[in-house]
Amino acid sequence: MNFIKRGFLGITRKKGKSLILLAVIFILGNLISGAISIQQATGNVESTIKERLGTAATIDIDYDEWEAKPDTDVEEINVDLIKEIGNLSYVKYYDYSMSTWMGSESVERYQDEEMDGDYFVDGPSMDFRLKGINYAPVIDFEEGKAELTDGRVFTDDEIEKGTSVTIISQKLANENNLHVGDTFTLANEVYTYDEETGEEDFVTSRDVVLEIIGLFEPQEAKKETDENADSGMMILTDDMEYHNTVYVPNEIVIDESQFNWEEYMKADEEFAEMMEGEEESFEYYEPIYYLNNPEDIEAFTEEVKPLLPELYTVISASDQYENIAGPIESMSKLAKYVLIVAVIATVLITGLVVLLFLRDRKRELGIYLSLGEKRSRVVGQILIEVMVVAVVGITLSLFSGNLLAQQVSDTMMKADDNKDEYYEEYYYEGISTDLTADDVMDSYEVTLNSSYVLGFYGVGLVTILISTIIPLIYIVRLNPKKILM
């Protein structure tokens, strides 16, 4: 009789043993299926959230390390190093920026109608942020933080020479009836601080005349519900600040910072004497790098760290994933351990069950061998008996294990919702995000897709095959003469 036919007959004739083997594989298969489902779901969450966090990275002081080494001198990051890092293959484009604040007697700041006018404290008028740039196309536009609605971006020549041109927000332009081609004036005001009265005294100022070459519209800030009014006020304030941001070449910011410093030194002789002999640099750049892919961040970090001065480190947008994905990471680790234990248990338990069943069939197998049946065909018969039952058990556990993973995930996430979590926030421009732990939870979904099905069948069948190694060794070592004596 054909050994394949004998294999199928062995399953049907010994229904009790086949059902026991099916039950064992089904139960263990549920553990494997659930673990693979959770691991796949958490992996999808990580890739989705990191994609939303973006590829931005910067370099800054590691303040935890600085606290541990308070006597260490901190070097400034120079332009040459910024450019060297920017030329790495992982970097899509980069920029380095300086900022300063100015007021104006002729231009009104944009203010959202929902904001109370008393929200802003009294003091010198510093309503407009001059954001210097070196990347002429403007990275904020390239990354979709804002959209150019009229005019053009800077030219490389304007950036290099520090030409007095600017790009402002559409709402700021509307507030002051300004258009592309118009000029407006900001005031670089110098103040000193009187420690006795606690007031700031005006020293001098000079006008900064800028020509508008473009208008931009920021993306709409996410409006918060009444349940989170404080956060909503913060986001609204950030949105207004961006509407009052004025893009200019870095050279303009450097020149105005130098003027402000020099005039301040003239007005405060005591401070000037204290700073005598000290070299003052007016180039304090904040670099920002956008990488080709989120997957490049780890390799980029490893390559950049040796180039940095002591105490500096790489800070990336994806660093925040660790802060907001605690429950997901816990489930991923748990699923990994469950998968390892389930695979080991399947190999041991299934192997022992099959071995015990074969010992009861020792005489049957001895007869096959004594009649001249090849050992390989006997092995094939046993594999058919085991694998057919295994395929049925794995198929059943495919669906039940997926359902089990959904129930376990829901229970774990609900339990985690009852815990008070603190999430560290980043305040680096271009790296900050409004993503929360709730966004991570919303991205988590256990699904029954092709990659899960193929992965589960692959792991399940390979595990069953491995588990038959012990019984196969037993068959190979059988001596038909001793069995039939």
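The criterion of being closer than 30 Å to E142 by Cβ and either modelled with pLDDT of 90 or more or of a type in the set (A, V, I, L, M) (or both) holds for A299. Filtering the stretch 192-202 to residues that are open to solvent by 50 Å² or more (accessible area, probe 1.4 Å) and either outside any loop (DSSP other than H, G, I, E, B) or of a type in the set (D, E) (or both) leaves Y193, E195, E196, E199, E200, D201, F202.
Per the conditions (1) open to solvent by 20 Å² or more (accessible area, probe 1.4 Å); (2) at pLDDT 80 or above; (3) over 28 Å from A136 (Cβ atoms), the sole criterion not satisfied by I38 is (1). Taking the stretch 435-479 as the range and being in a helix (DSSP H, G or I), modelled with pLDDT under 75 and polar (S, T, N, Q) as the test, only S443 passes. Of all residues in the stretch 68-95, none that is more than 18 Å from I159 (Cα to Cα) has its Cβ atom under 7 Å from the Cβ atom of a residue that is of a type in the set (A, V, I, L, M, F, W, C) and open to solvent by 100 Å² or more (accessible area, probe 1.4 Å), 6 or more apart or on another chain. Can you tell me which residues in the stretch 79-98 are open to solvent by less than 80 Å² (accessible area, probe 1.4 Å) and more than 27 Å from the chain's Cα centre (by Cα)? Result: V79, single match.
None of E280, E251, E286 is modelled with pLDDT of 85 or more and open to solvent by less than 80 Å² (accessible area, probe 1.4 Å) except E251. Residues in the stretch 339-350 that are buried (at least 19 other Cβ atoms within 10 Å of the Cβ) and not polar (S, T, N, Q): L339, A342, V343, V347.
The values are calculated or read from the model by the stated rules, or taken from the named source; none is laboratory data. Quantities reported herein were computed from a predicted structural model and do not represent experimental measurements. All Cβ positions, glycine included, derive from the backbone under ideal geometry; neighbour counts span all protein chains shown. These area figures cover heavy atoms from the full protein model, side chains too; ligands, DNA and RNA do not enter into them. Shrake-Rupley method; radii C 1.70, N 1.55, O 1.52, S 1.80 Å.
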